[in-house]
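Chemist: Quick one: this structure, given as structure tokens, is what I'll be asking you about.
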Amino acid sequence: MLLYQFHELWRAGMAPLTFWAEAGAKMYSAPGSWLAALPEAPRIAAGYELLYRIGKDYEKPEFGIHSVEVDGTDCPVVEKEVLSRPFCRLLRFKRYTDDAGNLRELKDDPPVLVVAPLSGHHATLLRDTVRTLLKDHKVYVTDWVDARMVPKSEGTFSLDDYVRYVEAFIRHIGAADLHVISVCQPTVPVLAAVSLMAARGEPTPRSLVLMGGPIDARLSPTAVNNLAAREPLWWFEQNVIQIVPSNFPGRGRRVYPGFLQHAGFMAMNPERHFMSHWDYYQDLVKGDLEDAAAHRRFYDEYNAVLDMPATYYLDTVDIVFQRHLLPRGLWDVAGERVDPSAIGSGAGGRTALLTIEGELDDISGAGQTRAAHGLCTGIAMEDREHLTVEGAGHYGIFSGRRWRTQVYPQVRDFIARHAA
């Protein structure tokens, strides 16, 4: 339980070194510095820069979406907090225009709630997802709060609480015209939330888009699934759960720390990360600033991690990856049985389902997301679709070129068909 404290001591001890490395990189690369004229200055500057990047702290990035092009018109975008809970903020990215005709079209666009994963990285990992969706939709995003920043007095946060948060966000926006997109981990609580709302006869969203998530983790298990299933639950509690130190607002809270999650991410592909940093060093030496900037952008996001509440993390391991309660029809949330077959054309409205998987996804295996179709038997066949993206890994289905050119057009058209 002292690992977090030791990590903070190590981080504090590294701070002078990273400041020195940052200063060294600037001294040997700044145009006005006499040191930059030395023969080996580019290599020295690159070495300092690499040391700085490895040792520095990575804070939560900004979404940085300030404008979007809609039908050839550049529309300003303002990020607004529309609802706040201790462990999550509901954000809206609101588009503006002075043209009356364009304004009417923007108001008629369907609203979309993007449920970001609470699995290590910040919601800004979905920046490309949000920016692309803004061309044709009103976009809301769940922005999960780093658990070490939540005072212990706010209580615990469980997987049941996650489901309740999703329900609250859907009600706040208004389910009648809403389309919900969940990426990776939240496919499970999102499906549960809509199932419970449908069973109660509440209005449900017009459509659900489930992307690369472990609806049934028994199918095509990956290394992530195998790790979660291999060890007993007590092993995770004893080996990865830590206490937040006193230098954070959440001091005393039990969490799965971000730095341990980050170590796990790096351990999955150590050779790739080593080569990426070596290529970065070489790009700096050669003066290839464009590729170096791309490296910085990727790792500014990849290295920024958050702490997960311990109860939520252990619930996810237990319910999703070990006992598989959702696909077995045995999951109860606060005493209510989760029954996806309740979703359909009942009193709550007609809901459509689109599932998306990446052919090369090494986090959520083939068939795990598609399994939702076997559970949502109340949804008419004509309201159900599945897409397997050829050549795409996990991140490729919601970010990057494949997302923008192959996945998004189908998501946009699916939403449009069911928005009428």
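Chemist: Could you give the nm distance between label points at Thr377 and Gln238, where each point is 7 Å from its Cα heading toward the beta carbon?
Modeler: Calculated label separation equals 4.2 nm.
Chemist: Tell me, what is the percent relative contact order of segment 324-412, built from C-alpha pairs under 8 Å that lie six or more residues apart?
Modeler: Relative contact order, segment 324-412: 29 percent.
Chemist: Mind checking which aspartates and glutamates have their C-alpha under 15 Å from Lys26, skipping anything on the same chain fewer than 8 residues away?
Modeler: Glu40, Glu49
Chemist: Another one. Using a Förster distance of 51 angstrom, determine the FRET efficiency expected from the C-beta separation of Leu227 and Arg200, and round it to 0.05.
Modeler: 0.90
Chemist: Further question on the same structure: Quick one: net charge of Leu90's neighbours, Cβ under 9 Å, K/R +1, D/E -1?
Modeler: +1
Chemist: Specify whether the C-alpha gyration tensor of segment 242-400 places it in the rounded, prolate or oblate class, a ≥ b ≥ c being the square roots of the eigenvalues: rounded for a/c under 1.5, otherwise prolate if a/b is larger than b/c and oblate if not.
Modeler: Because a/c hits 1.5 or more and a/b fails to exceed b/c, segment 242-400 counts as oblate.
Chemist: Order of Met149, Met308, Met381, Met268 from fewest to most other C-beta atoms within 10 Å? Let's see the in-between values first.
Modeler: Working: Met149 16, Met308 27, Met381 8, Met268 13.
Taking fewest neighbouring Cβ atoms as first place, the list is Met381, Met268, Met149, Met308.
Chemist: Calculate the spin-label point distance for Glu390 paired with Glu62, positioning each point 7 Å from the Cα along the beta-carbon direction, and give it in nanometres.
Modeler: Label at Glu62, label at Glu390, 4.1 nm between them.
Chemist: At most 12 other Cβ atoms within 10 Å and a DSSP loop assignment: could you name the trypsin sites (Lys or Arg not before Pro) in segment 352-420 that fit?
Modeler: none
Chemist: May I pose another question? Test of understanding: what is the full-extension gain from Ala176 to Arg350, defined as 0.36 nm times their sequence separation minus their Cα-Cα distance?
Modeler: Result for the pair: 61.7 nm of gain on full extension.
Chemist: Order these by the 10 Å Cβ neighbour count, fewest first: Asp160, Asp300.
Modeler: Going from sparsest to densest Cβ surroundings: Asp300, Asp160.
Chemist: Going 7 Å from the Cα of Arg104 along its beta-carbon direction, which residues of segment 38-82 have the amide nitrogen within less than 17 Å of the resulting point?
Modeler: Within reach of a label on Arg104, which here means backbone N under 17 Å from a point 7 Å along Cα→Cβ, segment 38-82 contributes 71.
Chemist: Put +1 on the Cβ of each Lys and Arg and -1 on the Cβ of each Asp and Glu in segment 261-420; which of Val407, Thr377, His277 then has its Cα farthest toward the positive end of the dipole?
Modeler: Thr377
Chemist: Please tell me which of these pairs span more than 27 angstrom C-alpha to C-alpha: Lys56/Lys135; Lys56/Lys138; Lys80/Lys107; Lys60/Lys107; Lys94/Lys152?
Modeler: Going by Cα-Cα distance, Lys56/Lys135; Lys56/Lys138; Lys60/Lys107; Lys94/Lys152 fall outside the 27 Å limit.
Chemist: For Glu357, Glu8, which order do you get if you count the other beta carbons within 10 Å of each Cβ and list the fewest first?
Modeler: Going from sparsest to densest Cβ surroundings: Glu8, Glu357.
Chemist: Additional query: If contacts are Cα pairs under 8 angstrom and at least 6 residues apart, what is the relative contact order of segment 1-155 in percent?
Modeler: Values: 193 pairs, mean separation 28.4, N = 155.
Once normalised by length, the contact order is 18 percent.
Chemist: Just to be sure I understand: with springs between alpha-carbon atoms less than 10 Å apart, which residue in Glu167, Glu231, Glu301 has the highest mean-square fluctuation in the Gaussian network model of the chain?
Modeler: Fluctuation is largest for Glu231.
Chemist: Nothing charged except the Cβ atoms of Lys and Arg (+1) and of Asp and Glu (-1): what's the magnitude of the dipole of the chain about its Cα centre? Round to the nearest 20 debye. Could you put the intermediate results ahead of the total?
Modeler: Working: 44 positive and 53 negative charges, 130 e Å.
With Lys and Arg at +1 and Asp and Glu at -1, about 620 debye.
Chemist: Considering the chain as a Gaussian network with a 10 Å cut-off on Cα pairs, which listed residue, Gly213, Gly155, Gly358, attains the greatest mean-square fluctuation?
Modeler: Judging by the Gaussian network model, the answer is Gly155.
Chemist: Between Lys286 and Met14, what length comes free when the chain is fully extended (0.36 nm per residue of separation minus the Cα-Cα distance, one decimal in nm)?
Modeler: 95.1 nm
Chemist: Same structure, new question: Does anyone have the angle between helix 159-173 and the longest principal axis of the chain? Alpha-carbon axes, 0 to 90°, nearest 10?
Modeler: Orientation of helix 159-173: about 70 degrees from the principal axis.
Chemist: What's the extension gain from Leu38 to Ser246 if we count 0.36 nm per residue and subtract their Cα-Cα distance? Working shown, then result.
Modeler: Working: separation 208, 0.36 × 208 = 74.88 nm, distance 4.59 nm.
Result: 70.3 nm gained on full extension.
Chemist: Just to compare against my own numbers: the Cα pair-distance distribution for the chain, 10 Å bins, whole % per bin, please.
Modeler: 4, 20, 30, 25, 14, 5, 1, 0
Chemist: Comparing Ala21, Ala12, Ala46, which has the greatest mean-square fluctuation in the GNM of the chain with Cα pairs linked when under 10 Å apart?
Modeler: Most flexible of the set in this elastic network: Ala12.
Chemist: Label points 7 Å out from Cα along the Cβ direction at Phe265 and Trp278: separation in nm?
Modeler: Simple spin-label model gives 2.3 nm for this pair.
Chemist: When you take every Cα atom in segment 147-235, what is the radius of gyration, and what is Dmax, the widest Cα pair distance, in Å?
Modeler: According to the Cα coordinates of segment 147-235, Rg and Dmax are 15.6, 44 Å.
Chemist: How long are the semi-axes of the equivalent ellipsoid of segment 322-420, defined as square roots of 5 times the Cα gyration tensor eigenvalues? Whole Å, largest first.
Modeler: Value: 26, 20, 10 Å, ordered largest first.
We did not get these values from a lab; they are worked out from the coordinates using the rules stated. Everything quoted here is computed from the prediction, not taken from an experiment. Backbone-built Cβ (ideal geometry, glycine too); neighbour counts: all protein chains shown.
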